[in-house]
Every structure is written in C-alpha cells, then in structure tokens.
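Every read-out reported here was derived from the displayed coordinates using simple, explicitly stated rules and does not represent laboratory data. Since the model is a prediction, treat every value here as computed from it, not as a measurement. FYI the Cβ positions are ideal-geometry reconstructions off the backbone, even for glycines, and counts take in every protein chain you see.
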Amino acid sequence: MSDKRISENSKLKDNLKEKGYKLTPQRRAVVDIISENEGKHLTAEEIYDLVKVDCPEIGLATVYRTLILLEDIGLVSHLDLGDNCNRYELVHENENHQHHHLICLQCSKVIEVEGDLLEELESNIENKYNFKIENHSVKFFGLCSECASKQK
C-alpha cells in the first residue's frame, strides 16, 4: 500500500471516528476505488461495479450510503457534468473550492482546470453584495482538442 493511500485511509478513519462512524471494509473499498480512479469522475454505479470485484458482498445501496457519508464528512464531492448523473471525486486538502471542469459535448471527456480562476471575481462579489462565498462550481462546455480537430 502506498504512503499516499495509508495517509488517505488514516485521514478517513480519523474523520469517520470524529463523527462516530467506523472505517468498514466497504467504506475503505469505496474510497480506494475513487482514489485509484482519480480524475475519472465516476458515477455511483461505476464505483459499485469496480468495488464489487474485490468486495462481491457489497450492495449498490451500501455504495450510495457510503458516498453520502463521505460527502458529509468532506472527503468526496459530487458534481453533475450536465448528464444528470452525480459523479464523485476526492476533495483535496489544499483546495479552497471545487476545481473547474471542461466538458466535451462530443465525446464527454472531462478535463480538470488547475487553479482557482475566480478569486478576483469572488472578492468583488463578496464586497459588492456583502456575501461570504464558501464554494463555487464552474463547468465549461465545448469541444476538446481531438473533437475540434475532427470537425475541421
């Protein structure tokens, strides 16, 4: 097991313990799958299909409950990429906000945008409206470079 995975499991265990929950093998398996597939933005059903390979006794309802719990403790977040499906990804400690996503309308590829592009805009909104922004979500829809080159 990698040092990163040990650290994530330790953080997960501590977060669950603080909230009065235990780190069950099913919960660990769900987090491991999300971690192993980072950047793929998996649906609950896709996570279930991958988890049941190593944990065949797990049910889809358990995966859903686990995802809700992990979101409640701030370890994962869900996003809708315009296809009416909740997709899940790990929340990283160094992120103040959810990162932005580029979504290809042709092939459905998702590209994560690094860095917070809206810091100045957020500051302006907070000052103008006396409103404390906690988070934001930005999605850009268009064509990835491969799909755009096919259209030429």
Order by protection proxy (mean Cβ within 10 Å, highest first), peptides 112-118, 69-75: 69-75, 112-118
For the chain: rounded, prolate or oblate by the Cα gyration tensor [a/c cutoff 1.5]: oblate
Helical contribution to [θ] at 222 nm, DSSP H n ≥ 4, -39,500 (n - 2.57), averaged over the chain, rounded to 500: -14000 deg cm²/dmol
Residues Thr66, Thr43, sorted so that the one with the fewest Cβ neighbours within 10 Å comes first: Thr43, Thr66
Among the listed pairs Lys17/Lys132; Lys52/Lys152; Lys22/Lys52; Lys11/Lys128; Lys17/Lys109; Lys128/Lys152, those beyond 32 Å (Cα-Cα): Lys52/Lys152; Lys11/Lys128; Lys17/Lys109; Lys128/Lys152
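With a cut-off of 8 Å between alpha carbons and a minimum separation of six or more residues, what is the relative contact order of the chain in percent?
Rounded, it is 18 percent for the chain.
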FRET efficiency for Lys150 and Lys13, using Cβ-Cβ distance with R0 set to 35 Å, rounded to 0.05: 0.15
Cα coordinate range in region 96-152, projected on the principal axes (Å, largest first): 46, 19, 15
